[in-house]
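Following: one structure in structure tokens, then a few remarks.
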Amino acid sequence: MNYTICSVDQLQQPGDCLIIGYFCDTGLAPSAKVMDDKKHGWISEFIEGEGFQGKPGDSLQLTPAEGDGYKRIIIVGLGKSVELNAKAFRKAVRKAAVMLASTKAKNVFCTLTEVYVLNQDNQWKARQIAQHLTASTYSFNQLKSADKSEQKLQQVFLLSVNQADNQAIETGVAQGDAIAQGMHFAKDLANFPGNYCTPTYLAQQATELAGQCQAMKVDVIDEEEMQKLGMGSLLSVSRGSREPAKLIVLEYKGGSDDDQPVVLVGKGITFDSGGISIKPSAAMDEMKYDMCGAASVLGTLKTIAELKLPINVVGIIPSSENLPDGYASKPGDVVTSMSGTTIEVLNTDAEGRLVLCDALTYAKRFNPAVVIDIATLTGACVIALGKHISGLLGNDDALCQSLSEAGDAAGDPVWRLPMTEDYDQQLKSNFADVANIGGREAGTITAGCFLGRFTKDYTWAHLDIAGTAWNSGKAKGATGRPVPLLTQFLLNRIN
Ligand code: BES
Ligand code: MN
Ligand code: ZN
């Protein structure tokens, strides 16, 4: 997306669309008022005529007469001017972006930078606007024979009230646009079906990504090498598949040599049938999304490479299919993980933790500052938190706190669940060190406890994105989450 920063004087330019804000109490935002005055008050007249209240998330579209400046004006509600907080602002921005996407506008002039948002600066506002406007242009048409892609938004003019704000707005725009591009990449990978998006394909995509960035290198570990490393748990998941498993390791070095890296570990199951513990067929297609953790790691790396963030980040993606076969793992099988811990596989559908545990053990060699794994790990998390908030578990209060704050700032929230000894006891096995399932109760927590057994040597958190990574039903498709959260978390570590 092309972004240009403009002053109030440039508002009168003819264009496809203008986005303005409206407060419940004080009416039109300042620059919109200027516009309105120039147009003899017909914007405010229209708003009043429609009985528009201006509550956050409310919106209105105005189509002025031909030849009268903008072809379309989108008015979004901002609530009470003194109460405008991050959440309400983002709601308004998102609404404007969604409305804009339903039009044929190729350019837009957005004035929402001008309003005061509690506890947020110009950079943050610009970041939100750019992220949502760029993200609104996403569509997935690669596999449709007729090219359904329409003319899309190409140019955004963003208002800067004071010259002194230009730098902050520019930085925010670059961040927002890069986040949207990372989400775009994550969505494409996730929406690609399992017959295209295999572990090998993910490895190719990672290799391509690393090829585009001087500061990034990639290492793809194949099954033979995994065998040598003792990754019996990861390999046990791949046994039933004809597609070879891959362990993808990306190293982004934006910081200095002695900076300990943030390690991101993403579950990369490119299709999860459940294996011998096979899933019911209803909605099984959605299990192509079982690599959304991996996609978010690749998306985040794309974003931070684009922004050239001065930080070291390692991405580790254990990738495999989970399929039934004569050679597949069976319930009751005992496998030995890279850490030496033996695991009784009581349910082959609890495969995510089996691939993650070996990747988490592998993570140690990078001397990580923190390790965060991201996984569509449990259906129980969808029941507990729905599709609005991702699950968070971890062994360190400070890390969990900063992830939680980053999630709120990025509009990509998480909620921490408890992880006490009692839950861990549910994983007892009569035949191995640990069982891979902990019973029906607290499924998200026992999954976290399982991972917790492999992360004792470092600061660690786990994000369960089973509910938040994709939408079902009519709007079926990947969301690109939690790229915004992870990027915000990394940005915060730099500042
Ligand atoms: N990928 C699934 C988790 C999942 C299920 C995500 C539904 C989104 C929607 C995972 O591999 C899985 O099958 N988990 C099992 C664990 C159980 C066997 C302990 C589950 O949640 O049912
Ligand atoms: Mn499963
Ligand atoms: Zn799975």
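The values are calculated or read from the model by the stated rules, or taken from the named source; none is laboratory data. Please read these numbers as outputs of a predicted model, since none were measured by experiment. Note that we place each Cβ from the backbone using ideal geometry, even for glycine, and neighbour counts take in every protein chain shown.
Side notes on the structure shown:
- Candidates LEU360, LEU385, LEU354, filtered to the one that is of a type in the set (A, V, I, L, M, F, W, C), at pLDDT 95 or above and within 15 Å of ligand 3 (Cβ to nearest atom): LEU354
- Qualifying positions in segment 143-165 - of a type in the set (Gly, Ala, Ser) and in contact (Cβ under 8 Å) with a residue 60 or more places away in the chain: SER160
- Which listed residue, of GLY352, GLY340, GLY379, is surrounded by fewer than 19 Cβ atoms within 10 Å (Cβ to Cβ) and within 15 Å of ligand 1 (Cβ to nearest atom): GLY379
- Meets criteria (among the β-branched types (Val, Ile, Thr), closer than 18 Å to ALA130 by Cβ, in a loop (DSSP other than H, G, I, E, B) and touching a helix residue (DSSP H, G or I) at 6+ places or on another chain (Cβ under 9 Å)) for VAL117: yes
- Pair list, Cβ < 6 Å and 6+ apart or interchain, from segment 12-32 residues that are in contact (Cβ under 8 Å) with a residue 40 or more places away in the chain to residues that are of a type in the set (Lys, Arg): ASP16/LYS71; ASP16/LYS106; CYS17/ARG72; CYS24/LYS80; ASP25/LYS80
- Among the residues of segment 175-191, not one is among the β-branched types (Val, Ile, Thr) and assigned by TED's automatic domain parsing to the domain that holds ALA206.
- Within segment 23-55, if we keep just the residues that are assigned to a strand (DSSP E or B) and out of contact with any Phe, Trp or Tyr (no Cβ under 7 Å at 6 or more places or on another chain), the residue that is surrounded by the most Cβ atoms within 10 Å (Cβ to Cβ) turns out to be PHE23.
- Segment 367-382, subset assigned to a loop (DSSP other than H, G, I, E, B) and within 16 Å of ligand 3 (Cβ to nearest atom), residue farthest from ASP259 (Cα to Cα): THR378
- Condition check for LEU356: closer than 18 Å to ILE248 by Cα and either within 16 Å of ligand 2 (Cβ to nearest atom) or not assigned by TED's automatic domain parsing to the domain that holds GLY407 (or both): yes
- Pick from segment 436-495, criterion assigned to a helix (DSSP H, G or I) and of a type in the set (Lys, Arg), ranking: farthest from the chain's Cα centre (by Cα): LYS474
Residue-wise test of (1) assigned to a helix (DSSP H, G or I); (2) out of contact with any Ser or Thr (no Cβ under 7 Å at 6 or more places or on another chain); (3) in contact (Cβ under 8 Å) with a residue 40 or more places away in the chain.
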| residue | (1), (2), (3) |
| --- | --- |
| LYS125 | yes, no, yes |
| ASN141 | no, no, no |
| ALA180 | yes, no, yes |
| HIS184 | yes, yes, yes |
| VAL218 | no, no, no |
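- In segment 242-276, residue surrounded by the most Cβ atoms within 10 Å (Cβ to Cβ) [restricted to those that are touching a residue at least 60 places away in the same chain (Cβ under 8 Å), of a type in the set (Gly, Ala, Ser) and away from ligand 2 (no atom under 14 Å from the Cβ)]: GLY266
- Of all the listed residues (GLY394, GLY448, GLY438), the sole one being touching a Cys at 6+ places or on another chain (Cβ under 6 Å), closer than 23 Å to MET338 by Cα and among the small types (Gly, Ala, Ser) is GLY394.
- Hey, TYR289 modelled with pLDDT of 95 or more, aromatic (Phe, Trp, Tyr) and within 16 Å of ligand 2 (Cβ to nearest atom) or not: yes
- Residues of segment 421-435 satisfying the condition of being of a type outside the set (Ser, Thr, Tyr) and either surrounded by fewer than 18 Cβ atoms within 10 Å (Cβ to Cβ) or not in a helix (DSSP H, G or I) (or both): GLU421, ASP422, GLN425, LYS428, ASN430, PHE431, ALA432, ASP433, VAL434, ALA435
- Options TRP470, TRP415: the member that is away from ligand 3 (no atom under 16 Å from the Cβ) and either at pLDDT below 95 or of a type in the set (Phe, Trp, Tyr) (or both): TRP415
- Evaluated against (1) away from ligand 1 (no atom under 14 Å from the Cβ); (2) within 22 Å of GLY211 (Cβ to Cβ), ALA294 falls short on exactly one condition, (1).
- Looking across GLY386, GLY467, GLY438, GLY443, one residue alone is small (Gly, Ala, Ser), within 16 Å of ligand 2 (Cβ to nearest atom) and touching a Gly at 6+ places or on another chain (Cβ under 6 Å). It is GLY467.
- So ASP358, is it farther than 22 Å from GLY182 by Cα and buried (at least 23 other Cβ atoms within 10 Å of the Cβ): yes
- Subset of segment 249-295 [away from ligand 3 (no atom under 16 Å from the Cβ), among the hydroxyl-bearing types (Ser, Thr, Tyr) and part of a strand (DSSP E or B)]: TYR252
- If the condition is being free of Cβ contacts under 8 Å to residues at least 40 places away in the same chain and surrounded by fewer than 20 Cβ atoms within 10 Å (Cβ to Cβ), then segment 221-241 contributes ASP222, GLU223, GLU224, GLU225, GLN227, LYS228.
- Criterion violated by MET284 - all others in (1) hydrophobic (A, V, I, L, M, F, W, C); (2) within 16 Å of ligand 2 (Cβ to nearest atom); (3) under 21 Å from the mean Cα position of the chain (by Cα) satisfied: (3)
- Condition check for ALA282: within 16 Å of ligand 1 (Cβ to nearest atom) and without any contact (Cβ under 8 Å) to a residue 24 or more places away in the chain: yes
- Selection status of THR103, modelled with pLDDT under 95 and not assigned by TED's automatic domain parsing to the domain that holds GLY411: yes
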